[in-house]
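The values are calculated or read from the model by the stated rules, or taken from the named source; none is laboratory data. Please read these numbers as outputs of a predicted model, since none were measured by experiment. Neighbour counts run over all protein chains shown; Cβ positions are idealised from the backbone, glycine included.
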Amino acid sequence: MLTVIDEYTRECLAIDVTRNLHNGDVLERLAWLMTTRSVPKYIRSDNGAEFTAKAVRNWLSHAGVSTLHIEPGSPWENGFIESFNGKLRDELLNGKILYTLREAKVLINRWRTHYNMVRPHSSLGYRPPAPETRIIRVVIVPSEACLATLRSPLTGQPHATALA
């Protein structure tokens, strides 16, 4: 599983669930995130083979992104993702038996949406990192009586009145 967190906003940008994670999977996800979001100054990661691969390092270098690898056996150096992974495990994975990869993807993505849009975070003043925004469109449909007052009494055509 590849989990990507924005350290500043605490938003979970992606969780990729797969049986085997390769450097190509990491590059594909990072390219998508950098295209849809922005290019970060740095990426902090563990020293897994998919992150230390030459292709990933070269690609990040060409993109102008620095890498910060944590020391092996030092999870406190990557506290945000370790905390996130603990919450994912405690709130979802420990309480479910996931029978198929598809089921795992659906349930984990549903949890990610809840984590980002609903779940309060103490470090953010008990607000979610990416609350759902609702756009309310107000459509005013004037009644016939209202339209009659906006028409010129002489021609019956709509007219404008300047107010001073």
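The residues listed here are THR9, THR67; of these, the one that is at pLDDT 85 or above, under 18 Å from the mean Cα position of the chain (by Cα) and not aliphatic (A, V, I, L, M) is THR9. The sole residue among GLU50, GLU132, GLU82, GLU77 that is at pLDDT 80 or above and either hydroxyl-bearing (Ser, Thr, Tyr) or under 24 Å from the mean Cα position of the chain (by Cα) (or both) is GLU82. Residue check: is ARG102 charged (D, E, K, R), under 21 Å from ARG10 (Cβ atoms) and at pLDDT 85 or above? No.
Looking at THR67, THR3, THR36, THR9, just one residue is among the polar types (S, T, N, Q) and touching a Pro at 6+ places or on another chain (Cβ under 7 Å), and that residue is THR9.
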